[in-house]
Structure formats: structure tokens, C-alpha cells
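The values are calculated or read from the model by the stated rules, or taken from the named source; none is laboratory data. Note that this is a predicted model, so its numbers are computed, not measured. Glycine gets a Cβ as well: all are built from the backbone with ideal geometry, and neighbour counts include every protein chain shown. The protein model used for the area step is the full one, side chains on, heavy atoms only, and it has no ligands, DNA or RNA in it. Shrake-Rupley method; radii C 1.70, N 1.55, O 1.52, S 1.80 Å.
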Amino acid sequence: ADVAYLRSVLPSTMDDAFFDYLATLDTSEVTVTAIPEGSVVFARVPFLQVKGPLLVVQLLETTLLCLVNYASLVATNAARFRLLAGPDMKLMEMGLRRAQGPDGALSASKYSYIGGFDCTSNILAGKLYGIPVRGTIAHSFVMSFRCLEEVQPRELPPRAGGDPMDLAALAVSWLQRVCDLLQTPPSKANQGELAAFVSYAVTFPCDFQGLLDTYCVRRSGLPNFCAVALALHQLGYQAIGVRLDSGDLAQQSKEIRRVFRACGAHFQVPWFGTIPIAVSNDISEQSLEEFRREGSEIDMIGIGTNLVTCPLQPSLGCVYKLVEVNGSPCLKLTEDEEKMTIPGMKMIYRLYDAAGHPFMDLMALEEEPSPSAGQELGIRVLGRLGETTKVIPSTVEPLHRTYFRDGQVCEPLPSLPEVRTHAQVSLNLLSPAHRRLHEPQPYPVAMTERLHRLFLELRQGS
């Protein structure tokens, strides 16, 4: 069917032998080597090499770039958020409504997880990839209630067993006590919001959470939540968190934490002071920097638009270039030196210093001997090719592995959690100077003297 379609759209002068060739396309002569998925890769480093018949490997170009570019972009964006948030903050990907269609949304969920996010609101991504799924109560649910009379059912049995009790009545009783403690009139607490919280709590008594900002956080959302959470506690249950979606999130989180601690101390409920606080609302890198600068009591951050749409860099410019034909290295020349290709089939080595941090990636021709730890190397750093630099690595790591040969996958493919772990380990190995997001120290990429000579010969010959 594919060949028939191509016949219908390609010029009628096409040779029939071409379509016969496509119908029997064979990938057994193709070999693919790559840097493992989840690795940190720097500009100009060839992270994937494809060898095989020229026509076959040319047909793979668009597919490979499509698979790699957006995935790497989102994983990198997620990694930046993780570095800013720190290791202890819970990060939830919630970009489904803003993503570039269903396929973009699934990719964003998958590669955000690799980049360091803990969970996703995308249930299909959870089903397909095994990513932990999380969600919160919605504003529309809270707004759909007007009064406690609408709550059906309203009775809940104690967790330890016994006769069901009217949770709505318990919540009303607790609301008065909470408002007395907070010195806010119970009449300011929205009754529809209280009804929504009670209805949610009856349905999910072990997973009760509150969205506090539908009406007013301090006068309504917070006392209503505390009242329902304390009513649940009376029956043996424990609330799992709240979410804020507007306003000064850092300041509100500190005020909410003070209220939780006050309620926990006053009503002798020790766990109440540690109820997790989640925030959302167009969170960006700048938002995380402000949270850190101002201090906050935030435990979980939900990030959507600024994660999945990658506004700081909407596309990644990975390229797929020919470097050798029939054993002859080739070079693409251009006015822009940064866009010149590095010729020949290459091996890539990561050089580590004595502290265990990578300090340089080195490109060498495939037939060159591997560099050795403790041995002085004369290399040429990209951007400074006119001078030789001497380095002595403490450890040398070959980066490329062969994943596809003779028509078969020949390297066990890691699971998604394994890729995620590898990504975090790779990031943590970077020195702080290279890892910081503002004005990082440029990470050098270099070539061996032998590769440099080949580069110069081809450049001068052209």
C-alpha cells in the first residue's frame, strides 16, 4: 500500500526498479550506534551514528530527527525545572491541555518523566508507559455545588468500623471551631465550596484534598478544608493535601502552613501541620527561582504550559549529516564554521577529572586507539582549533554502544524508570560550574590531532 501511494504522488517518469527496490527494502546491512538514552549530550557531539547502504540510511533521516528532537528538548526542559526545584520537591507534569496535540502530549509526559518529573496528569501516558499518575480536585467541581443539601450521600463509616456518621454535620461543627481559632466569621465560608469538599471526602476519604482558591483562600477555602479534614480525622482518616492555583503562591503557602500548624497544635492533631501543599498556575523557571528566593512551604509543583511547549527554546536543532561514503570521509563546508560537519566515522569519549566530574568530550576517528586514563593527550577544542591543548583524564568512558546490527536490536533496551535514573545520574555527575542554568561554564568538546588533520585536509582540498 505504501509503494502504491508513492507511485501515485511521485513523477510518472520514475523507474519501476525504484519501487521494486522499496518493496524489498532490507535493513540487515544497517548498523546503529548511539550514546545511551538519558545521557547528557553536548553541542557538536554525534550522539547517534548510522552505517549502511546510502539510500537506506538517507530514508531514515526525517524519522530519526523527528523521534529525537522534541523528545530531547522536553527532557532537557524538564531537567532544568528539576535542577531549579531541587531533589526533594515533587514535580507533576500537567501540560495535556496545552500540548501540541495528543502525540505531543504523550511525548511530553514520557520525556518529562525522563527529565526528572515524578508523575503526570495524563492518564493515557500512565497506562502506556507506567508513569505514576496524579491529579487534583477541579474548580468546576467546587463551583458545581451551592449548598450542603446537595451532598448525596453524606454519611461515612469510621475507618476502624462502626455506624456511618453524617460527615456534613461534622464538618459544620468543625467549621465553627476552626473559624473561632482563625478569627474569621463562618458566614464568609462559601457553603457550596464546603459541600464540594464534603462530597469529595465522602467519595475519597483516604485521598481527600482541597482546591483552596475558587472563592477566597483565607476566608473560605482554608477554613472549609480544615473543617472537612478535621471531621475526617474524627472518623480515622487523614487528608492528603491542598492545591493553590492563583495569587502569590509562595506567600500563601507560608500562611497556609501557619494555619495548619495552629490547627494541629490547638486540636491536638500532630500530622495536620505537615499536610502537603501543591501549587500550579503557569509555573515557569522564573517562578521556581522566586519560590527559592522568597522561601515557601510548597511540597509539590504542577507545571504545564512552560514545560510541554518549551517557550525558552521551541525547537531543538539536531541534524543528520553524511560524514563518509564508501570509506572516504566527507565534509560539508559553509560560511558559518559552527555548521561545518566533522568528517569520518567517529568514536566519542567522555573524559573525567579526579573529582569524578566529566570535563570534556573527545571525538576520535573510529580506527584510532582509545585514549587511556592518566595519559597526556594533545587535542583541539572546538572554537579554538588553532591551538593544541594538553589534558590528562583520570577516567575515560567510551560513550557509543551498538544498538542495531544485522537487522536485529543487539543491546537490551532500558525501561523508562532505568532511563530516568540514568538521566538524573548523568546530570548529577556534571560539575556545578557546567550544571548551573545561569551563565554556565561552557563544556568543551574536542577532537584528536589525527581527526583535526583530516578535517584540515578536506577543508583545504575543497
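Quick check on residue 160: is it small (Gly, Ala, Ser) and in a loop (DSSP other than H, G, I, E, B)? The answer is yes for residue 160. So which of 422, 400, 438 ends up being within 30 Å of residue 285 (Cβ to Cβ) and surrounded by 14 or more Cβ atoms within 10 Å (Cβ to Cβ)? Among 422, 400, 438, only 422 is within 30 Å of residue 285 (Cβ to Cβ) and surrounded by 14 or more Cβ atoms within 10 Å (Cβ to Cβ). On inspection, residue 423 fails the criterion of being touching a strand residue (DSSP E or B) at 6+ places or on another chain (Cβ under 8 Å), outside any loop (DSSP other than H, G, I, E, B), of a type in the set (Gly, Ala, Ser) and not assigned by the TED database to the domain that holds residue 84. Total residues in the stretch 324-338 satisfying the condition of being touching a residue at least 24 places away in the same chain (Cβ under 8 Å) and surrounded by 11 or more Cβ atoms within 10 Å (Cβ to Cβ): the figure is 4.
Condition first: in the same structural domain as residue 250 (by the TED database), in a helix (DSSP H, G or I) and touching a Ser or Thr at 6+ places or on another chain (Cβ under 6 Å). Can you find one or more residues in the stretch 90-110 that meet it?
Yes, the conditions are met somewhere in the stretch 90-110.
For the residues 222, 235, 230, the requirement of being within 24 Å of residue 187 (Cα to Cα) and in contact with a Leu (Cβ under 8 Å, 6 or more places away or on another chain) singles out 222. Summed over the stretch 18-31, residues that are farther than 15 Å from residue 60 by Cβ and open to solvent by 60 Å² or more (accessible area, probe 1.4 Å) total 5.
If you scan the stretch 291-319, which residues turn out to be of a type in the set (D, E, K, R) and either free of Cβ contacts under 8 Å to residues at least 24 places away in the same chain or open to solvent by less than 40 Å² (accessible area, probe 1.4 Å) (or both)? The one that is of a type in the set (D, E, K, R) and either free of Cβ contacts under 8 Å to residues at least 24 places away in the same chain or open to solvent by less than 40 Å² (accessible area, probe 1.4 Å) (or both): 293. For first residues located in the stretch 389-402 and in contact (Cβ under 8 Å) with a residue 12 or more places away in the chain, partners that are exposed (fewer than 14 other Cβ atoms within 10 Å of the Cβ) and polar (S, T, N, Q) and lie 6+ apart or on another chain with Cβ distances below 9 Å form the pairs 392/375; 393/372; 393/375; 396/370; 396/372; 396/375; 398/370.
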